[in-house]
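Following: one structure in structure tokens, then a few remarks.
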Amino acid sequence: MTRGKYELRLDPDLWAYIDAVNAWYPPEIIGLPIDKQRAVYDRMSRAFHQGRPPGVTASDSLIAAAGRDIPVRRYQLGGTAAKALVVYYHGGGFILGGLESHDDICAEICAGTGFDVLSVDYRLAPEHVHPAAFDDAVTAFEWVAAATDLPLVLCGESAGGNLAAAVAQATRRHARAAIGQVLIYPELGGDESTGSYVEHADAPLLSLHDVAFYRDVRSAKRQSLDDPTFQPLRDTDFSGLPPTVIVTAECDPLSSDGEAYRDRILAAGGKAWWHEEPKLVHSFLRARTTAPAAAEAFARFVAAVAAMGKGEWSY
């Protein structure tokens, strides 16, 4: 790709990661059939997989739901008694990814916090348009809330950040409501005529065109963009939400969503923190082993999850 204004705006160490992603999953792949995109994405995810840290074990199971089963994977750290459980929703534009694509990230969250982590394999579009993924996300939360007494922390990145926020809003008055949520470069349905949507419309690895493509693929017929289960920023009530940390990348069209979501929660009397990681791009979690700035951002993210699980509510 042409680096343009991002030649100097991005952390120099990030370019090797960006070039590697584009080699595996070039921008033009968005024109291929979804099954072809998934095959390439899955191969890329395997190539980037870092393995699980020592002591982390994982077990798969199914959540029985109406007419379907939802696969989940639970990560646990041996030798420690978990003090919280993280419900994790993976990224992938609502059309890509699953338990395998984010396996190492979930395992590292488990190792870094000592908490159990439950990764949710929600249904993907276009086979299952909205609200399928949201319904699975809520069902998984309600299932784990009934199955454990551990405090619950919601977590998600990109599309998964959208789901985590939507679940937080839908379950805020649940008897076992989450004690916190940590969102990584979430897509929340912000104002595309301003802020990062304009400044970084053509950013590497995620453009405004990509955002529109993923939104259109997951939309049901006559989908209302004001549906808060579809775009959480379109809600009219942000009261009662758990303490929230939102981490975004500076060079990402979605960054302003984090700022807007923080401001809505604060205006409603809640607790929220937004941090924009400088010189990074969307999906930087996968660059954590090759770019020191991404590694530091990932460490701060894991520390935020740990703080939420302990009720410390800070970033």
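The values are calculated or read from the model by the stated rules, or taken from the named source; none is laboratory data. This one's a predicted model, so the numbers in the text were calculated from it and none came from an experiment. For neighbour counting, all protein chains shown are included, and Cβ atoms are generated from backbone atoms with ideal geometry for every residue, glycine included.
Taken over region 166-205, the residue count meeting the criterion of being out of contact with any helix residue (DSSP H, G or I) (no Cβ under 9 Å at 6 or more places or on another chain) and either farther than 19 Å from residue 231 by Cα or buried (at least 17 other Cβ atoms within 10 Å of the Cβ) (or both) is 1. The condition (being under 12 Å from residue 184 (Cα atoms), at pLDDT 95 or above and of a type in the set (Gly, Ala, Ser)) is satisfied by just one residue among 249, 306: 249.
Yes/no matrix, rows are residues, columns are (1) among the hydrophobic types (A, V, I, L, M, F, W, C); (2) assigned to a helix (DSSP H, G or I); (3) under 26 Å from residue 258 (Cβ atoms):
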{"site": "72", "(1), (2), (3)": "yes, no, no"}
{"site": "88", "(1), (2), (3)": "no, no, yes"}
{"site": "101", "(1), (2), (3)": "no, no, yes"}
{"site": "127", "(1), (2), (3)": "no, no, no"}
{"site": "142", "(1), (2), (3)": "no, yes, no"}
{"site": "149", "(1), (2), (3)": "no, no, no"}
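For region 105-122, the candidate set comprises residues that are over 14 Å from the mean Cα position of the chain (by Cα) and part of a helix (DSSP H, G or I); within that set, the residue that is surrounded by the most Cβ atoms within 10 Å (Cβ to Cβ) is 110.
Please go through region 4-25 and give me each residue that is in contact (Cβ under 8 Å) with a residue 60 or more places away in the chain, part of a loop (DSSP other than H, G, I, E, B) and among the charged types (D, E, K, R), ordered by number. Hits for region 4-25 are 11, 13. Residues satisfying the criterion are absent from region 216-228 (criterion: surrounded by 15 or more Cβ atoms within 10 Å (Cβ to Cβ), within 18 Å of the chain's Cα centre (by Cα), modelled with pLDDT of 95 or more and acidic (Asp, Glu)). Exactly one residue out of 64, 146, 58, 81 is under 25 Å from residue 289 (Cα atoms), free of Cβ contacts under 8 Å to residues at least 60 places away in the same chain and surrounded by fewer than 19 Cβ atoms within 10 Å (Cβ to Cβ): that is 58. Among the candidates 171, 244, 248, 236, the residue that is closer than 30 Å to residue 29 by Cα and of a type in the set (Ser, Thr, Tyr) is uniquely 248. Considering 299, 291, 268, 303, which residue is buried (at least 20 other Cβ atoms within 10 Å of the Cβ) and of a type in the set (A, V, I, L, M, F, W, C)? Checking each option against the conditions leaves just 291. In region 1-58, the residue that is farthest from the chain's Cα centre (by Cα) out of those that are more than 29 Å from residue 129 (Cα to Cα) and hydroxyl-bearing (Ser, Thr, Tyr) is 2. Return the pairs, sorted by first residue and then second, in which the second residue is part of a loop (DSSP other than H, G, I, E, B), the first residue lies in region 214-231 and is more than 17 Å from residue 165 (Cβ to Cβ), the beta carbons are less than 6 Å apart, and the residues are 6+ apart or on different chains. As it stands, the answer is 217/95; 217/125; 217/126; 220/129; 220/130, since those pairs meet every condition given. The number of residues in region 232-246 being touching a residue at least 24 places away in the same chain (Cβ under 8 Å), surrounded by fewer than 15 Cβ atoms within 10 Å (Cβ to Cβ) and not acidic (Asp, Glu) comes to 2. Anything in region 38-70 that is out of contact with any Phe, Trp or Tyr (no Cβ under 6 Å at 6 or more places or on another chain), of a type in the set (A, V, I, L, M, F, W, C) and not in a strand (DSSP E or B)? List them, or say none. Within region 38-70, 39, 47, 48, 66 meet the criteria.
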